[in-house]
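The values are calculated or read from the model by the stated rules, or taken from the named source; none is laboratory data. Please read all numbers here as calculations on a predicted model, not as lab measurements. Neighbour counts are summed over all protein chains in view; Cβ atoms, including those assigned to glycine, are modelled from backbone coordinates with ideal geometry.
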Amino acid sequence: MLQVFKNATVLTDDGFKKLDIYTDNGIIVSIGSGESDGAEVFDFNNCYILPGFADVHVHLREPGFSYKETIKSGSAACARGGYTDVCSMPNLNPVPDNMENIQKQIDIIESDALIRVHPYAAITVGQKGECLTDFDALSKKAVAFSDDGRGVQNDDMMRAAMLDAKKNNKIISAHCEVNSLLNGGYIREGEYSRAHGHKGIPPESEWKMVERDLKLAEETTCRYHVCHISTKESVNLIREAKARGVDVTAETAPHYLILTEDDLQEHGRFKMNPPIGNKEDREALIEGILDGTIDMIATDHAPHSVEEKAKGLAGSMMGVVGIETAFALMYTHFVRSGKMTLQALIKLMCENPRARFSLGHGKIAVGEKADFTVFNLEEKYNILPEEFMSMGRSTPFENEAVYGRCKMTVCDGQIVWREI
């Protein structure tokens, strides 16, 4: 079937140009001019066609927690956010810690996913930190290994995991958190926690494990990735490690780049792990995405039920949704403000995660499958959780005005999201 995507501004090797994209049976056959007789035509005047985004850190909750999210609802939310590839974290039931369990997730993905979903395998059995999973077997199915939600506390266990990952050319993607330093906390230790009588988590809980893991990664020469960094110390440690030649990449999320403890409210939609830091943390993170210390933007999309997020900061589950709002937030706060170019944002949200995690796709070029997203960058709107495709509704950016609405997402040549 012939399709023409007309009058959009497209990112080419020579920058952004207004071009038409011609596809036949989902394959890009021409860019600029081509055959349109009998084609289905989409006129995207005043819109941008961008390569499909990739997120290496999402929670799709199935199997095991389908009351929070399903592969179907989560992948629909991803498509609405402009994503064509995501990596799903392993805190599921059953945990993907053996071939049988990971296949259960893959079967649902193959049946229900609207976009490409790449499953993680757990580092340790049951994510309990007591014994390693079978890396040799699981590497055939898993995009990478993580115990996300739990830091691997034992140094020798993490060293052994890194060696197994090295042998299989897989990434260790680490949730960095020292349990002995948590002190019962649930938001960042700081002015807000003290003023409102909340138990605080010190930043050392994150950066101390980042420090340990970087030493182990240097020792083992494994491919190491740091999840959702939120502290200025983590940024500095990663910058120094890269300068030494350590094979490390890192991600952060929009809420750490935009919010600080000054923005907190007494509501569960402001509770996530790691917690939001202070202004110094935010400034260090911004510097990190601008100078290349931080390689990619991830969302840590973590849906929960309304009831689980309605118990205030102390009682609510940790985690917020973000897959449908990430691009608009980053575009509004960083591109429109002049802090970075649109090309730089595309590197953070598409090119770098695809390259690091070997995801492929996401190229707008003749001969490639159509794999892109269409945004009206001038359209202003308020973030309204009731409009989400995700079953999760908890976002700290509720009602915030942003620019950049997704009009269409095409994955593997199929239209998986289209705003009516």
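Taking the criterion of being among the basic types (Lys, Arg) and either in the same structural domain as residue 408 (by TED's automatic domain parsing) or part of a loop (DSSP other than H, G, I, E, B) (or both), the only residue of region 339-350 that qualifies is 339. Within region 112-125, residues that are touching a residue at least 24 places away in the same chain (Cβ under 8 Å) and over 16 Å from residue 151 (Cβ atoms) reach partners that are assigned to a strand (DSSP E or B) and aromatic (Phe, Trp, Tyr) with beta carbons closer than 8 Å, at six or more positions or on different chains, in the pairs 114/417; 115/83; 121/145.
Can you find a residue that is touching a His at 6+ places or on another chain (Cβ under 8 Å), charged (D, E, K, R) and either touching a residue at least 12 places away in the same chain (Cβ under 8 Å) or over 29 Å from residue 411 (Cβ atoms) (or both) anywhere in region 288-300? Checked region 288-300: at least one residue is touching a His at 6+ places or on another chain (Cβ under 8 Å), charged (D, E, K, R) and either touching a residue at least 12 places away in the same chain (Cβ under 8 Å) or over 29 Å from residue 411 (Cβ atoms) (or both). Taken over region 294-313, the residue count meeting the criterion of being among the hydroxyl-bearing types (Ser, Thr, Tyr) and surrounded by fewer than 24 Cβ atoms within 10 Å (Cβ to Cβ) is 1. Listed by first and then second residue, the pairs with beta-carbon distance under 7 Å, at least 6 apart or on different chains, first residue in region 22-44 and under 16 Å from residue 413 (Cβ atoms) and part of a strand (DSSP E or B), second aromatic (Phe, Trp, Tyr) and modelled with pLDDT of 95 or more, are 29/22; 30/22; 42/5. Set side by side, the residues 173, 193 differ, and just one is in the same structural domain as residue 252 (by TED's automatic domain parsing), closer than 22 Å to residue 265 by Cβ and of a type in the set (Ser, Thr, Tyr), which is 193.
Among the candidates 323, 364, the residue that is in a loop (DSSP other than H, G, I, E, B) and in contact with a helix residue (DSSP H, G or I) (Cβ under 7 Å, 6 or more places away or on another chain) is uniquely 323. Please enumerate the residues belonging to region 221-276 that are among the polar types (S, T, N, Q), touching a Gly at 6+ places or on another chain (Cβ under 8 Å) and surrounded by 24 or more Cβ atoms within 10 Å (Cβ to Cβ). Result: 230, 231, 252. A single entry from 238, 258 fulfils the requirement of being β-branched (Val, Ile, Thr), touching a residue at least 60 places away in the same chain (Cβ under 8 Å) and in the same structural domain as residue 339 (by TED's automatic domain parsing): 258.
Taking (1) assigned to a loop (DSSP other than H, G, I, E, B); (2) under 21 Å from the mean Cα position of the chain (by Cα) in turn, residue 255 satisfies each apart from (1).
Matching residues to (1) under 12 Å from residue 277 (Cβ atoms); (2) out of contact with any helix residue (DSSP H, G or I) (no Cβ under 7 Å at 6 or more places or on another chain):
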position: 183; (1), (2): no, yes
position: 193; (1), (2): yes, yes
position: 198; (1), (2): no, no
position: 209; (1), (2): no, yes
position: 215; (1), (2): no, yes
position: 241; (1), (2): no, no
position: 256; (1), (2): yes, no
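Taken as a whole, the condition of being in a loop (DSSP other than H, G, I, E, B), of a type outside the set (A, V, I, L, M) and touching a residue at least 40 places away in the same chain (Cβ under 8 Å) does not apply to residue 353. For region 267-283, the tally of residues that are closer than 15 Å to residue 204 by Cβ and either assigned to a helix (DSSP H, G or I) or not assigned by TED's automatic domain parsing to the domain that holds residue 251 (or both) stands at 2. Here is the figure for region 36-71: residues that are under 16 Å from residue 302 (Cβ atoms) and touching a Lys or Arg at 6+ places or on another chain (Cβ under 6 Å) total 3.
Restricting attention to region 9-44, the residues that are modelled with pLDDT under 90 and within 30 Å of the chain's Cα centre (by Cα) add up to 5. Regarding region 58-74, can at least one residue be identified that is touching a residue at least 60 places away in the same chain (Cβ under 8 Å), surrounded by fewer than 17 Cβ atoms within 10 Å (Cβ to Cβ), in the same structural domain as residue 323 (by TED's automatic domain parsing) and not hydrophobic (A, V, I, L, M, F, W, C)? Checked region 58-74: at least one residue is touching a residue at least 60 places away in the same chain (Cβ under 8 Å), surrounded by fewer than 17 Cβ atoms within 10 Å (Cβ to Cβ), in the same structural domain as residue 323 (by TED's automatic domain parsing) and not hydrophobic (A, V, I, L, M, F, W, C). The lone criterion from (1) under 24 Å from residue 168 (Cα atoms); (2) surrounded by fewer than 22 Cβ atoms within 10 Å (Cβ to Cβ); (3) free of Cβ contacts under 8 Å to residues at least 40 places away in the same chain left unmet by residue 133 is number (2). Residues that are hydrophobic (A, V, I, L, M, F, W, C), in contact (Cβ under 8 Å) with a residue 12 or more places away in the chain, under 18 Å from residue 47 (Cα atoms) and in a loop (DSSP other than H, G, I, E, B) within region 367-420 comprise just one, 370.
Taking the condition of being among the small types (Gly, Ala, Ser) and farther than 16 Å from residue 346 by Cβ, how many residues in region 364-379 meet it? Total meeting the criteria: 2. Quick check: is even one residue across region 373-393 within 27 Å of residue 6 (Cα to Cα), buried (at least 22 other Cβ atoms within 10 Å of the Cβ), under 18 Å from the mean Cα position of the chain (by Cα) and not assigned by TED's automatic domain parsing to the domain that holds residue 283? Within region 373-393, one or more residues are within 27 Å of residue 6 (Cα to Cα), buried (at least 22 other Cβ atoms within 10 Å of the Cβ), under 18 Å from the mean Cα position of the chain (by Cα) and not assigned by TED's automatic domain parsing to the domain that holds residue 283.
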